[in-house]
1. Which FRET efficiency value, to the nearest 0.05, do you get for residue 134 and residue 24 by plugging their Cβ-Cβ distance into 1/(1 + (r/R0)^6) with R0 = 45 Å?
2. If each Cα of the range 15-166 is one equal point scatterer, what is log10 of I(q)/I(0) from the Debye formula at q = 0.14, 0.16 Å⁻¹?
3. Mind grabbing the base-10 log of I(q)/I(0) for the range 104-170 at q = 0.17, 0.21 Å⁻¹? Debye formula, identical points on the C-alpha positions, no solvent, two decimal places.
4. Considering just Cα atoms, how many Å³ per residue does the convex hull of the range 2-95 enclose?
5. Based on the alpha-carbon gyration tensor of the range 212-255 and its eigenvalue square roots a ≥ b ≥ c, which shape applies: rounded if a/c is under 1.5, prolate if not and a/b is larger than b/c, or oblate?
6. If neighbour count is taken as other Cβ atoms inside 10 Å, put 43, 223, 245 in order from fewest to most.
7. Ranked by Cβ crowding within 10 angstrom, fewest neighbours first, how are 117, 84 ordered?
8. Within a 10 angstrom radius of the beta carbon, how do 241, 27 rank from fewest other beta carbons to most?
């Protein structure tokens, strides 16, 4: 676990997990620890009791749609609780790649990184009410859990400071949806790339009014699409007056671009996810995104 901690980005966390393991006698034990931090290699948990290093465990966590398999690497007593470090198995590590790295708490709450504590409280109350599972019209359990996790980290000055420090040093990760064939095929891929760029710019403008622009380098890193392709895409969108370029050669959405996005994305599930959370919202790819004729992709033409 020590080696993994040196090489993987760890982000502060505050969410429950269900942990199960079987001892040598065949007895199955269950705990409900809380996660203190998480990386693509493993997690640090706060548990009411110790678990022997070397024990194989299984965990259920709301943000993952599959059970996590791991090995306990250390158990350290802290007052009345224990800090348990678990290292994911190779198969779990492959499945979680991109899920942890794609989480941005500011984007989850649609906040600027400069937001003050009063704004964090206010926005969380509004969004938590909207997405609470008991809300029959707009309830979304997965979104609500992510909002709660983001709020617990950002509303605490100490955990927010640690998160900000790690967030500043982290380079953008390609979003899984843009690695699908629907975005790289010739004519169809170009049309889909246009809408993808517009959605990223829309999310940036919505969550950060003071800095609504995105550089070509950032688009290239988020979309994992060659710059040569994106230059053509951006030329077309500028000619259509959906985007504009500032003096620093960064791109932002125009009012016409906002109208186009809002008109064409409500019926498209993948793009709705991108709009809801910006770069951090697309934590997993849509199961059908690999098809070149995916019905959730509109054409910008």
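What follows draws every value from the coordinates through simple rules; no lab data is involved. Everything quoted here is computed from the prediction, not taken from an experiment. Ideal geometry is used to build each Cβ from the backbone, glycine not excepted, and the neighbour counts take in all protein chains shown.
1. Values: r = 43 Å, r/R0 = 0.96.
It comes out at approximately 0.55.
2. -0.77, -0.96
3. The computed values of log10 I(q)/I(0) come out as -0.57, -0.81.
4. Working: hull volume 9.4 nm³, N = 94.
Normalising the Cα hull of the range 2-95 by residue number yields 100 Å³.
5. Numbers: a/c = 1.97, a/b = 1.32, b/c = 1.49.
Because a/c hits 1.5 or more and a/b fails to exceed b/c, the range 212-255 counts as oblate.
6. On the way: 43 26, 223 23, 245 13.
Ascending number of Cβ neighbours within 10 Å: 245, 223, 43.
7. Numbers: 117 12, 84 26.
With the fewest neighbours first, 117, 84 line up as 117, 84.
8. Details: 241 12, 27 8.
Exposure proxy ranking, most exposed first: 27, 241.
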